[in-house]
Amino acid sequence: MSAIAGVWYPDGRPGAVKECDRISRALALYGPHREGRWNGGEIALGHRLMRFLPEDRFDRQPLAGQGGRLHLVADCRIDNREELGRALGLDASEQAIMCDAAFILAALARWGEGALDRLCGDFAFAAWDSDARTLLLARDPVGNRPLHYHVGQGWFAFASMPKGLLALPDVPTGPDPARLLTWQMLLPLQGPNSFYTGVSRLDIGHLAIVTADGQVRDRRYWTPTALPRRRTIWGDDDADGLRDVLDEAVKAQVRGTGGTALMLSGGLDSAAIASSAAPLLAAAGQRLQAYTNVPASGDQRIWRPGLLTDEGPMAALMAAHHRNIDHHLVHAYDADLLPLLERMIFLADQPVMNPLSTAWMHEIYLRAARAGAPVVLTGTSGNMGLTYTGEHLLIQHAARLRWRSLWRDADLLVSAGIHPSRQLALRAAIRPLVPLGLLSLWHRVRHGGSVSPSPMLPVQWNNPQAQALFQQTAGPRYPFNRLTTWQAWHDLIMQCRDPGPLNAAANAGYGVDRRDPTSDRRVLAFCLSLSEDRYLRNGRCKDVFRRAFAERIPPEILDNRQRGMQTADWKLILLKARSAIQAELVQQARITACTDLIDLDSLKTLADTLDDAAPDDWQSVQRHYLKLVRGLSNGLFTRRAVGGN
């Protein structure tokens, strides 16, 4: 990763360089290897480099092009360098000495904003056009690199992370209640709000043009629902294509200056990445360090059948498939939970959704860094593409009155653990097709017009803003209840997450670069081009994936219907940290912003009664585990955010 920064005074007043330097100093931990700056008078650009790529030795950002008309700073890893080089007419010798940002600059010079339709990889950049006096900001389609900005009175600033902007005395600070409530309610994070009141976020897959009058014209350039569909598929062309495109993504993402690690679960996504990465590395005489979180000894009861509490044995099967995989087990229990959470929140400038997952990721990052394997592969986006289930085919069956197929495939999805019962599967299929007015009427008749919030939400429901947001999005109006295609579902669920700040935290905190081949633009575009019936067919879900990797993943993994539960020992972990949790909740209760947003009285009770938590009771899991840790994380961030800049 690199960190980027910039300050623009359109009226030409002095001070842009000084303020840009202030931002750059605040971002030093995200780019410790080299600092660069360009002074354009009214505008100044800054860059901080953290080296992970072989070509980073050629990186001298900020870069200039078109005779000084364009100036660029970028935090990037471009995964289709050769393809871009051919399109740009660059020979191999030229490409070999170009840093990745230089490809972005050349693409912008050739195609303007159209360059964004050609870039594959993780990126966030800012490009200044001195002739047009405009600043172009952009982020990659899934937001693997962060970018934030502030619009002041007659000035504009941007930075990779909020803490860079908060280093400026004129930027307001404090937590943004609307964003925090949206986050707590597990709703899509759409729009420019960040978790800080004075800082805006460029949304994933968006670009923005900033003009001298202070206008920020934001538009989306990556729209999953508008991608072309494949109408004709012969034989196993879909499976062959899926396997090939993942191999292409993995090959691009193992590029680095050190070793490679993998977060290896007992599931399909990480197994597919292992099946691709291990042979590639073996051909180069390299090993793959694979890490699996497993529970410590303790209570591992589960609230429903079909959950895999210990993924170690399945992961070991995959590791044994390749002689160059070194398999290691880690325990989330070993992490010191509260100091770790506070540190990650500082590094990410936001709360973390899954604090116990953060604990085992911490263990993996530490070990990968010590092993000299700074490239850490993960399959976080796999469920939204590579291993999509095909479940939305039920809606098509219902819309076309294919009742026999609807019944059959509903039972199939229940047996696969996607839906808990046939009744709920059928309801999920029919509900999006019912007009909203009729659905609301039925809801009023059946439930009296009221709906209760989920017990896992740590929201302070006495807050009028929380009540209003809940009424706008609950029951029939819940966004996911109105989706009729899997592409629309993918689009919305990807907007519920923004991986960029957490990737930046891994860079700064551990010196590792987390990369997700399942979020590669080419992989997602291929998956989204396939209709639901390519995934739910042959009497099974995820059919295209199973055909694609039948020869590369052991059948015990490929045919396993259990779903992994990565912190089955959550009760043991929380009991170990209970005294620190209780002390932290006391601190949060002294802060008005925390009590306004979070149900702290309930969280205190849950912490006090952890001995009574029942891992085999879903109601207890929702409260003692999910509600407690998410509320704790939100409060940790809020307490820190009210401290000022």
Determine the relative contact order of the range 309-414: mean sequence separation of Cα pairs under 8 Å and six or more apart, normalised by residue count, in whole percent. 17
I'd like the distance separating the alpha-carbon centroids of the range 542-587 and the range 382-411, in whole Å. 25
Provide the solvent-accessible area of Cys76, counting protein heavy atoms only and rolling a 1.4 Å probe, rounded to the nearest 10 Å². 20
Convert each backbone phi in the range 433-439 into a coupling constant with the Karplus relation 6.51 cos²θ - 1.76 cosθ + 1.60 (shift: θ = phi - 60°), then list the ³J(HN,Hα) values in order as whole Hz, x for Gly and Pro. 8, 7, x, 4, x, 5, 5
Qualifying trypsin sites (Lys or Arg not before Pro) for the range 78-155 [loop in DSSP, other Cβ within 10 Å: at most 14]: Arg133
Which one, Phe346, Leu401, Tyr388, is farthest towards the positive end of the dipole of the range 327-407 when Lys and Arg carry +1 and Asp and Glu -1 on their Cβ? Leu401
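About the Cα centre of the range 288-416, what is the dipole size in debye to 20, counting +1 per Lys and Arg Cβ and -1 per Asp and Glu Cβ, all else neutral? Mind showing how you got there, number by number?
On the way: 10 positive and 12 negative charges, 120 e Å.
Roughly 580 debye, rounded to the nearest 20.
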Between Phe103, Gly258, Ser579, whose Cα lies farthest towards the positive end of the dipole of the chain when Lys and Arg beta carbons carry +1 and Asp and Glu beta carbons carry -1, centred on the Cα centre? Ser579
Normalising by the residue count of the chain, find the relative contact order in percent from Cα pairs under 8 Å and 6+ residues apart. 17
Using the Cα centre of the range 1-43 as the reference point, and only Cβ charges (+1 on K/R, -1 on D/E), how large is the resulting charge dipole? Debye, rounded to the nearest 20. 140
Enumerate the calculated ³J(HN,Hα) couplings along the range 236-250 in order (Karplus 6.51 cos²θ - 1.76 cosθ + 1.60, θ = phi - 60°), each rounded to whole Hz, writing x wherever the residue is Gly or Pro. 9, 4, 5, 5, 4, x, 5, 5, 5, 6, 5, 4, 5, 5, 5
About the Cα centre, charge dipole magnitude for the chain (Lys/Arg +1, Asp/Glu -1 at Cβ), debye: 1020
Accessible heavy-atom area order of Lys627, Lys604, highest first, probe of 1.4 Å: Lys604, Lys627
Please arrange Val250, Val586, Val216 by accessible surface area, largest first, computed with a 1.4 Å probe and ligands excluded. Val586, Val216, Val250
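Only Cα pairs under 8 Å and at least 6 apart count here; give the relative contact order of the range 484-581 as a rounded whole percent.
Working: 23 pairs, mean separation 11.0, N = 98.
Relative contact order, the range 484-581: 11 percent.
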Once the Cα gyration tensor of the chain is found, what semi-axes does its equivalent ellipsoid get, as square roots of 5 times the eigenvalues, in whole Å, sorted largest first? 37, 31, 26
Can you work out ³J(HN,Hα) from phi for every residue in the range 108-113, in order, using Karplus 6.51 cos²θ - 1.76 cosθ + 1.60 and θ = phi - 60°, giving whole Hz and x for Gly and Pro? 5, 5, 7, 10, x, 4
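Looking at the range 207-272, which chymotrypsin sites (Phe, Trp or Tyr not before Pro) are in a loop (DSSP not H, G, I, E or B) and have at most 12 other Cβ atoms within 10 Å?
Of the chymotrypsin sites (Phe, Trp or Tyr not before Pro), the ones in loops of the range 207-272 whose Cβ has at most 12 other Cβ atoms within 10 Å are Trp234.
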Rounded to the nearest 10 Å², the accessible area of Arg578 using a 1.4 Å probe with every protein chain kept is 50
Can you give me the long-range amide H partners of Ile325? Hydrogens built in the peptide plane at 1.01 Å from N, cutoff under 5 Å, separation of 5 or more residues or another chain. Leu288
On the full set of protein chains, 1.4 Å probe, figure out the accessible area of Val376 and give it in Å² to the nearest 10. 0
Indicate, rounded to the nearest 5 percent, the antiparallel portion of the DSSP beta bridges found entirely in the chain. 75
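The values are calculated or read from the model by the stated rules, or taken from the named source; none is laboratory data. Quick caveat: nothing in here was measured; it's all calculated off a predicted structure. Heads up, the Cβs are rebuilt from the backbone with ideal geometry, glycines too, and the neighbour counts pull from every protein chain shown. To get the accessible areas, we keep the full protein, side chains included, count just its heavy atoms, and leave off ligands, DNA and RNA. Shrake-Rupley method; radii C 1.70, N 1.55, O 1.52, S 1.80 Å.
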